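Reading through the structure tokens given below for one structure.
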There are 4 protein chains.
Amino acid sequence: MKGRKLLMIPGPIEFEPEVLQAMSIPTTSHVAPNFIESFGNCLDMMKKVWLSEDGQPFVVSGSGTLAMDMAASNLVEPEDKVLVVSTGYFGERYAEILKRYRADVTILKSELGNIVEQNVIENELKKGGYSILVFTHVDTSTGVRNDPKILGQLGQKYNVLTILDGVCSVAGEEIRQDEWNIDIVLTASQKAIGVPPGLALLVASQKAMEKWKNRKTPVLNYYADFNNWLPIMRAYQERKPSYFGTPPVNLILALEVSLKQILSEGMDERFKRHKKISRAFRNSMQALGLSILPKSNDIAAHTLTATYYPTSIDGNLFRKKLNEHGIIVAGGLLKEIKTEYFRVGHMGAVNRNDIISTISGIENALTQCGHHCNLGKGTSTVLSELS
Amino acid sequence: MKGRKLLMIPGPIEFEPEVLQAMSIPTTSHVAPNFIESFGNCLDMMKKVWLSEDGQPFVVSGSGTLAMDMAASNLVEPEDKVLVVSTGYFGERYAEILKRYRADVTILKSELGNIVEQNVIENELKKGGYSILVFTHVDTSTGVRNDPKILGQLGQKYNVLTILDGVCSVAGEEIRQDEWNIDIVLTASQKAIGVPPGLALLVASQKAMEKWKNRKTPVLNYYADFNNWLPIMRAYQERKPSYFGTPPVNLILALEVSLKQILSEGMDERFKRHKKISRAFRNSMQALGLSILPKSNDIAAHTLTATYYPTSIDGNLFRKKLNEHGIIVAGGLLKEIKTEYFRVGHMGAVNRNDIISTISGIENALTQCGHHCNLGKGTSTVLSELS
Amino acid sequence: MKGRKLLMIPGPIEFEPEVLQAMSIPTTSHVAPNFIESFGNCLDMMKKVWLSEDGQPFVVSGSGTLAMDMAASNLVEPEDKVLVVSTGYFGERYAEILKRYRADVTILKSELGNIVEQNVIENELKKGGYSILVFTHVDTSTGVRNDPKILGQLGQKYNVLTILDGVCSVAGEEIRQDEWNIDIVLTASQKAIGVPPGLALLVASQKAMEKWKNRKTPVLNYYADFNNWLPIMRAYQERKPSYFGTPPVNLILALEVSLKQILSEGMDERFKRHKKISRAFRNSMQALGLSILPKSNDIAAHTLTATYYPTSIDGNLFRKKLNEHGIIVAGGLLKEIKTEYFRVGHMGAVNRNDIISTISGIENALTQCGHHCNLGKGTSTVLSELS
Amino acid sequence: MKGRKLLMIPGPIEFEPEVLQAMSIPTTSHVAPNFIESFGNCLDMMKKVWLSEDGQPFVVSGSGTLAMDMAASNLVEPEDKVLVVSTGYFGERYAEILKRYRADVTILKSELGNIVEQNVIENELKKGGYSILVFTHVDTSTGVRNDPKILGQLGQKYNVLTILDGVCSVAGEEIRQDEWNIDIVLTASQKAIGVPPGLALLVASQKAMEKWKNRKTPVLNYYADFNNWLPIMRAYQERKPSYFGTPPVNLILALEVSLKQILSEGMDERFKRHKKISRAFRNSMQALGLSILPKSNDIAAHTLTATYYPTSIDGNLFRKKLNEHGIIVAGGLLKEIKTEYFRVGHMGAVNRNDIISTISGIENALTQCGHHCNLGKGTSTVLSELS
């Protein structure tokens, strides 16, 4: 389908060949001893990747939106006051999901490209009555990055549960679930986790599980209900057979391969690599005279970068030219400025060569679109950053 | 994981090598033109496999339970009267799902191994007020098969929508959605559809879509809400890009391969093959003196067979011995008789050799477990059936 | 290409899924450290599979005929007297190869379906002057099996080198190279070794290497010359890089997987399994009233069986019907009786299910071709043999 | 094994994912109708890739050296006068092969990095008596490229057969076998043909086949003898079954995929792309102050480039650093200057991104090894070349 082109969108990303190969292992039974072992290994490894010793991991067949939905539908009871800190498309989506489960949602929207100031959030929480604080770690639509450590502290201070939407961050951005007091960290497989799309993953703290256990009303979403999945996860953790719905066997085997690779790199090393690569990418964009969407580098994601096109060029043509150079990037997602920017994913198995190829492709495509840039400026910037 | 052993459980099943290979194609973007084409092809082909010209197909990342949940959560409004005809574990699950969405559920349970008589259902519908009739085509827990044609006629006569849970039947059992007046036919990928687990699939009639469009209350399950998925499916049908959640790219490519194979066999030919193989299997079991769970052959599934162990033997030991002969079958699922029977799937890519291997393995395992049987009796039965 | 049909020809055979998957690992450099390790592992493991502690293993890109050619061209000098014991097509081919290298070849041909009596061979060797004794362990054209132990003893007694053509025997038939005094044991990958075709493999005793080292004339075949390959094999054995011709990287990785599986089964267990399965197959053929080509069971191969068609039936039609039942077998190879018999391979990853499927398919195909047989007779025979 | 690192050695190269996937298709019989079709397609397509309408294609299991050996052993009779034009390691190897078959070999060696002047060759041919002229199109050891058009003209003028060793050129460098009067064009699969190693390929003109048919002495190499393979190739060309040695089924299926891709690019387009990419690579090396091994750009290969290390750096360290940047290149091969240069392959599926990644990696590795270079100089050069 894509041949040897580089898939540089913010998910799905380029996957390691070993992960892709695991996808085609002849499917075995979901209660076969070696599959139980593999699934159990995945759950054990997730806790290490999430840096959460006491959390309860879940892996369910579905997209990242299902992971968001699971967190919402299990933790929220009608009338619960929930504060959503939104930095873009996915913050708004989360508010919508929460409302579906009859939460009393207050949404604090950042300005475009910015985060919501800590004191604004704190002032809102001070008003009291909130039981949950929800935020998007990295909004895939803008590349803006929140600081989960601060939000975790606010959660603790004001005694609200915290839900981190980490679809575009887990296994790429630094997250220390236990240490930072985050109650739910959720994600999808096709981003920094490095597995083809089809898995919703989350780890819930014991505090989150307590809130769920003490619900007075039933979970409104049947498929997402922890009641269905908790016994299954526990059984796999104890390496025992069980059944609720057939797990996506091949994706789980691929997940086992990828989590092993992630842990073999080491979480600290991995966070560092994502920081280094993203800084090199941003600096190169800036060296080419392009502006990134986030207001400052301090709040720019390490997993993707959203960059404005120069005003003179046609974005569709630009991405088409890039594609001809073998680089696939994503267009804008935020409705109001959809045609004004593009997004480049740089997470998971991404390496130096992917970045250099992408930047050099961007240089050529810009030129082809009639934007004058100093050919080689971006590439030499990345070269000095990544040497 | 399973090497060259035969996976003869009622899903996941043995998949065609071409389908498995499609799983490891390097993942492309969900908006890449050739992926849009593949997804669109899947939706077009589903209508042919479902024999539904005017239906609206949906493919969403999730298990079969999600497909059940989608049908329920989208069609049911609180207080809707729903009649569930249950023939086992999955009928009861469906009732549970429907209640979650506040349906006023009446459940007609069959005796173990039997269906609910047509007149019993009709008497219930006559009482009036029902808006939906739900039934499991083939209950994976019992191997009992309902007749969708009759249930579709009842639906039409009493003006209720019909939902067919076809998780263990679609693409194996005869279903003519349009002709038989079934409003929703749902399934999962890992059964007769022949694709590794991870896809929930359904086709909804225009009448079903009407009921959904005219809802007065929001769909309670966010992830499953047709509002999210309908624009996406329509876009792929029109070969246009769109985004709600990232589709499971690799599974969709595998689905395209499998649907092509299914249509190349031809639906009538496929229904015939499933009938022939299942009859041969049942007859062989009976020739060995074993009893099948369904009360009569007329209501026995063509996609799996549930068979009682001889009373003298230990079921776990029996399945272990079978496994040593290279045959993986499933134990019982129905709580009350869980240890008394086993289940063998025979659907999708299943062929003559799989059946003969399985039956001969059963003969050997029975003997090893101390059950006297005329060695070769089952095999020669299948031989004369399948010659 | 073949879908789920069973490939029951005497090579290529059904391969383990893990072996096939190794074929598509992205090719690395032939001097990459991990490839050197894999190639080295293959050479080490070959010595264990061959039961030859002091032998020199070789793996070269080519077919089984190349392995025959390597042994011949390296060991033979013009005018060397070579005794070939032929039991069919491949014995005659070996004589032809040897003549090409100007050996003075004497060929002792067995009657069709028989071996050459030991005393006939011994009488010939007694005449003296021979330096090499060559024999086909199992002739793929006839399924006749020689006894390498006896031939090895003759070799020792008369001080001639022994070359065992094990294309259709190594890793299936019992061979104890050191203990039985066989100087060269050669084979190809696609038979009992269990790897797709493309590798010529052999292990040469130190005595054989001595004869080669002391040659007075150059090896006539450049590509096959040990001078080219010995330094390479030694380098890989010592885990050092080296280069003569690019090794078939992907096939070597597949070989590593297969040799590991073979050793994990254990050689004695493997020999036993091949004996058991072949006896069951032959007995079933005989129970169906068919005659096997080998004169007696004592000299019938354990890796394949050549069986005469009943005189009444058309062999092509029979194999076509078998193919429709999902079983691919081979026709005759021996020119004089090509249309009178067929060949079934049962080696490597072959299992009980393959055998039962094949026999039951044969029963059905015979019946379809108008040959009366007691349907189930063959299958019940194999059932009692393999229980 | 190599993960996502780029394999930039002069073979094996980076293969297209579709080609690698074909490697793991379950192996079918070498006489299965669809395999016969695939093999036949390969032979038909080879003639188009070779631009030889009347040639006889051969595909045999073996390495590139086997292809060289086949040409030599089939065309040469003892005492034949053969002129070898050598530009490095592989020219000398060819002389060695030819001598093995008792050719009376005259070798014209170029200076290091140069070709042999046309008039020198012509003067030698003028002496008369020659029946064959052999040359390496691109010597993998030096990256020096001969002009086959000129050598073909000389062949015609002096009525000698011409053998082009195209191991490192076919499907990358321009070759017009018919038009340019080349009698044998041979290669291996793992270079510009784009298939994992294990196939020897050649196309022989009718004139070459005539010389072979009129031999007075037998071909000395049994395995390579056209007598064995010609009937097989003809059978596959006519889509008929046949057997000499088992063909490497999986590699042939991969070859079919790759040849289709090659022809879909178009030969002229492909030659142009190789020229453009190699020029960009060479210019970048020169921009970095490095010297290439070939004396001038006019005789530099388009499929690989051999470049001298700066004298100040340690070549092993340099290649190790490059490897850490995810780029695998090859060291020197020519004994006399083995430690003084490195080789980079740029053929087959190679693209812009591979080249830019490699050059930028070289820039960083040079710097890390203490060689001062203007970081970004090489990359910006390639950028302007490939824009």
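The values are calculated or read from the model by the stated rules, or taken from the named source; none is laboratory data. In this text the structure is predicted, and so the values were computed from the model without any measurement. Glycine gets a Cβ as well: all are built from the backbone with ideal geometry, and neighbour counts include every protein chain shown.
Could you figure out which of (1) part of a loop (DSSP other than H, G, I, E, B); (2) among the charged types (D, E, K, R); (3) in the same structural domain as B:Glu53 (by TED's automatic domain parsing); (4) surrounded by fewer than 24 Cβ atoms within 10 Å (Cβ to Cβ) isn't true of B:Glu256?
Of the numbered conditions (1) part of a loop (DSSP other than H, G, I, E, B); (2) among the charged types (D, E, K, R); (3) in the same structural domain as B:Glu53 (by TED's automatic domain parsing); (4) surrounded by fewer than 24 Cβ atoms within 10 Å (Cβ to Cβ), the odd one out for B:Glu256 is (1).
Which one of these does A:Tyr222 not meet: (1) within 25 Å of A:His372 (Cα to Cα); (2) within 14 Å of chain B (Cβ to nearest Cβ); (3) touching a helix residue (DSSP H, G or I) at 6+ places or on another chain (Cβ under 6 Å)?
Failing condition for A:Tyr222: (1).
In the range C:364-385, how many are part of a loop (DSSP other than H, G, I, E, B) and free of Cβ contacts under 8 Å to residues at least 24 places away in the same chain?
Within the range C:364-385, residues that are part of a loop (DSSP other than H, G, I, E, B) and free of Cβ contacts under 8 Å to residues at least 24 places away in the same chain number 3.
Looking at the range B:97-120, is at least one residue within 14 Å of chain A (Cβ to nearest Cβ), touching a residue at least 60 places away in the same chain (Cβ under 8 Å), within 26 Å of B:Glu179 (Cα to Cα) and surrounded by 24 or more Cβ atoms within 10 Å (Cβ to Cβ)?
No: the range B:97-120 contains no residue that is within 14 Å of chain A (Cβ to nearest Cβ), touching a residue at least 60 places away in the same chain (Cβ under 8 Å), within 26 Å of B:Glu179 (Cα to Cα) and surrounded by 24 or more Cβ atoms within 10 Å (Cβ to Cβ).
Run D:Gln261 past the list (1) more than 24 Å from D:Ser384 (Cβ to Cβ); (2) surrounded by 23 or more Cβ atoms within 10 Å (Cβ to Cβ) and report the number of the one that doesn't hold.
(2)
Please verify whether the range C:59-76 includes one or more residues that are farther than 24 Å from C:Gly194 by Cβ and among the charged types (D, E, K, R).
Among the residues of the range C:59-76, not one is farther than 24 Å from C:Gly194 by Cβ and among the charged types (D, E, K, R), which makes the answer no.
Would you confirm whether any residue within the range A:113-125 is in contact with an Asp or Glu (Cβ under 7 Å, 6 or more places away or on another chain) and farther than 19 Å from A:Glu77 by Cα?
The answer is no; no qualifying residue exists.
Among C:Phe244, C:Phe271, which is out of contact with any Lys or Arg (no Cβ under 7 Å at 6 or more places or on another chain), within 29 Å of C:Leu202 (Cβ to Cβ) and not assigned by TED's automatic domain parsing to the domain that holds C:Leu199?
C:Phe271
Kindly indicate the residue of the range C:353-372 that is more than 24 Å from the chain's Cα centre (by Cα) and at the interface with chain B (Cβ under 8 Å from one of its Cβ atoms) and also farthest from B:Cys373 (Cα to Cα) among those meeting that condition.
C:Gln368
Got a sec? Which of A:Val382, A:Val350, A:Val329 is within 14 Å of chain D (Cβ to nearest Cβ) and at pLDDT below 95?
Result of the check over A:Val382, A:Val350, A:Val329: A:Val382.
In the range A:145-176, what residues are β-branched (Val, Ile, Thr) and either at pLDDT below 95 or closer than 18 Å to A:Lys272 by Cα (or both)?
Passing the criteria: A:Val170, A:Ile175.
Only one of (1) part of a strand (DSSP E or B); (2) surrounded by fewer than 19 Cβ atoms within 10 Å (Cβ to Cβ) is not met by A:Arg343, so which one is it?
Checking A:Arg343 against (1) part of a strand (DSSP E or B); (2) surrounded by fewer than 19 Cβ atoms within 10 Å (Cβ to Cβ), the one that fails is (2).
When residues of the range D:51-83 are filtered for being of a type in the set (A, V, I, L, M) and under 17 Å from the mean Cα position of the chain (by Cα), how many remain?
Result for the range D:51-83: 9.
What number of residues in the range B:147-163 are within 20 Å of the chain's Cα centre (by Cα), closer than 23 Å to B:Ser73 by Cβ and not β-branched (Val, Ile, Thr)?
Summing the residues that are within 20 Å of the chain's Cα centre (by Cα), closer than 23 Å to B:Ser73 by Cβ and not β-branched (Val, Ile, Thr) in the range B:147-163 gives 4.
Please pick out the residue among A:Leu290, A:Leu375, A:Leu334, A:Leu317 that is within 8 Å of chain D (Cβ to nearest Cβ) and at negative phi.
Just one listed residue meets the conditions, A:Leu375.
Name the residues in the range A:152-168 that are in contact (Cβ under 8 Å) with a residue 60 or more places away in the chain and crowded, with 24+ Cβ neighbours inside 10 Å, would you?
Hits for the range A:152-168 are A:Leu161, A:Ile163, A:Asp165, A:Val167, A:Cys168.
Every residue in the range D:268-320 that is surrounded by 21 or more Cβ atoms within 10 Å (Cβ to Cβ), outside any strand (DSSP E or B) and hydroxyl-bearing (Ser, Thr, Tyr), please.
D:Ser278, D:Ser284, D:Thr303, D:Tyr309, listed by residue number.
Restrict the check to the range A:138-150 and report whether at least one residue is of a type outside the set (Lys, Arg) and within 14 Å of another protein chain (Cβ to nearest Cβ).
Within the range A:138-150, one or more residues are of a type outside the set (Lys, Arg) and within 14 Å of another protein chain (Cβ to nearest Cβ).
Return yes or no: is D:Ser387 within 8 Å of chain A (Cβ to nearest Cβ), out of contact with any Cys (no Cβ under 6 Å at 6 or more places or on another chain) and either among the aromatic types (Phe, Trp, Tyr) or within 30 Å of D:Val19 (Cα to Cα) (or both)?
Considered against the rule, which asks whether it is within 8 Å of chain A (Cβ to nearest Cβ), out of contact with any Cys (no Cβ under 6 Å at 6 or more places or on another chain) and either among the aromatic types (Phe, Trp, Tyr) or within 30 Å of D:Val19 (Cα to Cα) (or both), D:Ser387 comes out as yes.
Residue under question is B:Ile97, and the condition is that it be within 20 Å of the chain's Cα centre (by Cα) and assigned to a helix (DSSP H, G or I); does it hold?
Yes: the conditions hold for B:Ile97.
When you scan the range C:366-387, how many residues do you find that are surrounded by fewer than 24 Cβ atoms within 10 Å (Cβ to Cβ) and more than 20 Å from B:Glu324 (Cα to Cα)?
11
Kindly provide the set of residues from the range D:321-340 that are surrounded by fewer than 24 Cβ atoms within 10 Å (Cβ to Cβ), outside any loop (DSSP other than H, G, I, E, B) and touching a Ser or Thr at 6+ places or on another chain (Cβ under 7 Å), ordered by number.
Scanning the range D:321-340 gives a single hit, D:Ile328.
Spot the failing condition for A:Ala200; the list is (1) closer than 20 Å to B:Leu199 by Cα; (2) among the small types (Gly, Ala, Ser); (3) in a loop (DSSP other than H, G, I, E, B), and only one is missed.
Answer for A:Ala200: the failing condition is (3).
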